[in-house]
Amino acid sequence: MSLAPIDQLVSNRASPLLGTIPIPGDKSISHRSLIFGSLAIGTTKVRGLLEGTDVMSTKDALVALGVEINRDNDGLWHIVGVGLNGMISPVAPLDLGNSGTGARLLMGVVAGQKITATFCGDASLSSRPMARVTNPLAKMGAKITSREGGLLPVTIRGTRSLMAAHHCSKIASAQIKSAILLAGLNARGTTIVSEPSTSRDHSESMLRHFGASISQEVAEDKSHRVKLAEGTNLRAADIIVPSDPSSAAFAIVAALITPGSDINLYGIGMNPLRIGLITTLIEMGGNITKSNDRTEGGEAVADLRVKYSQLHGITVPPDRAASMIDEYPILSVAAASANGTTEMLGIAELRVKETDRIKVMADGLISCGVKVDFDEDSMRVTNSTVNGGVTISAEHDHRIAMSFLTLGMNAKAPITVKGCTTIETSFPRFATAMNQLGASLANGSPT
Ligand code: S3P
């Protein structure tokens, strides 16, 4: 059944999931393609860009900053770069919708140019912490005001005379790291960002791809450091966006927990800093086989085959969190059908994602009959019969919506999810693609 974006979906029991599911382009890499392409000299062509609403918010913001961006009839995106200092002040606030990545990375861009821009977003983005990015950017010399508590709207008056920073982040966050590196492109001196463990390195790879001089090292104190040399101009370079492992995660877990399933996923991004969920599911007994390992556009990619498996609970260590930070909601769905208990440690960052993902997942799972307990930075899910028969609110969070729709595929009674249009941010046509495999996601009220 083909479904247009619908706000309320009911997930009925699925048939065995069989066949191939197309997975859209990687969200992190798509944002960065548009942003780095805009700052380069020359035209960057991007194949496989995610055309979800988050990435389109970033595209619209860049257009408002004076960049010409077009899609041709073959789906190839053309970005006519304006160079490191060529942007203009937008006439209206930049509305980044639901996108933390778009907002935070573009703050780094604006900070290093002689322009002023105000950033705003939807209810979810407006409640997310921005000081983690605006504080270091202000230290580098940008003039920044925000709503109390460091929340949006944020106004940034950038300057061409930023001073390079050595920023030591307490959390492993690619958004913080990328914002500072983007500002660092226009700063005097070497920009250094240290983090306690390595967050996804798509910005570093793309900077290298565009000709910047960037290095990575593990320091004596075991922190992970990225150094960006002063005065690098970026040269346009074409990009192929791999399929998003964070979007593939929903189909992978759906197949693992739905008896009789056997699915294929092609061209999935396998960056080692993004595949903590796959490692975890294999440790839990998941039958996931990888083939055709290759590199496309500087990123590791492979094909996956996933078959139904009886999973067992494990403890997921805190040092794995950065490599699967967006995957804990769907892991907690897998954990409900895994023998024993699955323990997830060091996950406090989940509380400041599109919603408080620890609380929203725990409450929703408990309402479906699943045994869960949690504290500030950990969660334990124990094998349970999933009763379902409830309505869950997605809370402006695409990954919450897709997780509960996946849970419903094996529940005794259907699970209804309200607020499903948020899925358009990262996985347009999710319901249609899952239904083509054998899921039964329907519009409206429970059947
Ligand atoms: C992202 C980084 C992660 C992740 C987010 C995308 C990125 O956030 O949760 O969905 O593209 O840089 P943090 O940087 O806050 O950890």
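The values are calculated or read from the model by the stated rules, or taken from the named source; none is laboratory data. No experiment lies behind these values; they were computed from the predicted model shown. As a convention, Cβ positions derive from the backbone with ideal geometry for all residues, glycine included, and neighbour counts pool all protein chains shown. For accessibility, only protein heavy atoms count, side chains too; no ligands or nucleic acids. Shrake-Rupley method; radii C 1.70, N 1.55, O 1.52, S 1.80 Å.
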Would you please classify the overall shape of region 1-134 from the alpha carbon gyration tensor, given that a ≥ b ≥ c denote the square roots of the eigenvalues, rounded means a/c under 1.5, and beyond that prolate means a/b larger than b/c while oblate covers the rest? oblate
At 0.36 nm per residue, and after removing the present C-alpha to C-alpha distance, how many nm does the segment from Asp262 to Ala219 gain when stretched out fully? 11.1 nm
I'd like the Karplus ³J(HN,Hα) series for region 386-397: coefficients 6.51, -1.76, 1.60, θ = phi - 60°, whole numbers in Hz, and an x wherever there's a Gly or Pro. 8, 6, x, x, 10, 10, 10, 8, 6, 6, 6, 10
Sorted on mean Cβ neighbours within 10 Å (highest first), peptides 158-169, 282-293, 428-439, 175-186 come out as 175-186, 428-439, 158-169, 282-293
Accessible area (Å², per residue) of the chain, counting only protein heavy atoms and a probe of 1.4 Å: 36 Å²
Kirkwood Rh and Cα Rg combined as Rg/Rh, region 105-160: 0.94
Rounded, prolate or oblate: which fits region 66-219, taking a ≥ b ≥ c as square roots of the Cα gyration tensor eigenvalues, rounded meaning a/c under 1.5, else prolate when a/b beats b/c? rounded
Quick one: what are the phi-derived ³J(HN,Hα) couplings along region 405-412, Karplus 6.51/-1.76/1.60 with θ = phi - 60°, whole Hz, x for glycine and proline? 5, 5, 4, x, 5, 10, 7, 5
What are the residues whose amide H is under 5 Å from the amide H of Leu96, where those residues sit 5 or more places off or on another chain and H is modelled from the backbone? Cys120, Gly121
Starting from the Cα of Asp377, move 7 Å in the Cα-to-Cβ direction to define the label point; list residues of region 165-204 whose amide nitrogen is under 14 Å from there. 170-173, 196-197
Cβ-based net charge around Ile69, under 13 Å, with every Lys or Arg adding one and every Asp or Glu removing one: -1
Using 0.36 nm times the number of residues separating Thr295 and Glu230, minus their current alpha carbon distance, what extension gain do you get? 20.5 nm
Run the accessible area of region 137-285 with a 1.4 Å probe and give the carbon-and-sulfur part as a rounded percent. 51 percent
Ignoring any ligand, DNA or RNA, what whole percent of the accessible area of region 289-447 comes from carbon and sulfur when the probe is 1.4 angstrom? 47 percent
Can you give me the distance in nm between label points at Asp363 and Asn387, each placed 7 Å from the Cα along the Cα-to-Cβ direction? 1.9 nm
Report the antiparallel proportion of the DSSP beta bridges in the chain as a percent, rounded to a multiple of 5. 75 percent
Percent antiparallel among DSSP beta bridges confined to region 340-419, rounded to 5, stands at 70 percent
Take the Cα pairs of the chain, get the Kirkwood Rh, then feed it into Stokes-Einstein at 37 °C and 0.692 mPa s and tell me D in µm²/s. 149 µm²/s
Counting all C-alpha pairs of region 147-290, share separated by more than 18 Å (%): 67 percent
Cross-link table Lys27/Lys59; Lys59/Lys418; Lys139/Lys177, entries beyond 19 Å C-alpha to C-alpha: Lys59/Lys418
Can you give the helix-only mean residue ellipticity at 222 nm for the chain, where every DSSP H stretch with n ≥ 4 adds -39500 (n - 2.57) and the sum goes over all residues, rounded to the nearest 500 deg cm²/dmol? -8500 deg cm²/dmol
Estimated inter-spin distance, Glu283 and Lys139, nm [label 7 Å along Cα→Cβ]: 3.3 nm
Tabulate in residue order the Karplus-calculated ³J(HN,Hα) for region 55-64, using 6.51 cos²θ - 1.76 cosθ + 1.60 with θ = phi - 60°, rounded to whole Hz; enter x for Gly and Pro. 5, 5, 5, 5, 4, 4, 5, 5, 5, 5
Prolate/oblate/rounded call for region 119-204, Cα gyration tensor, a/c under 1.5 rounded: oblate
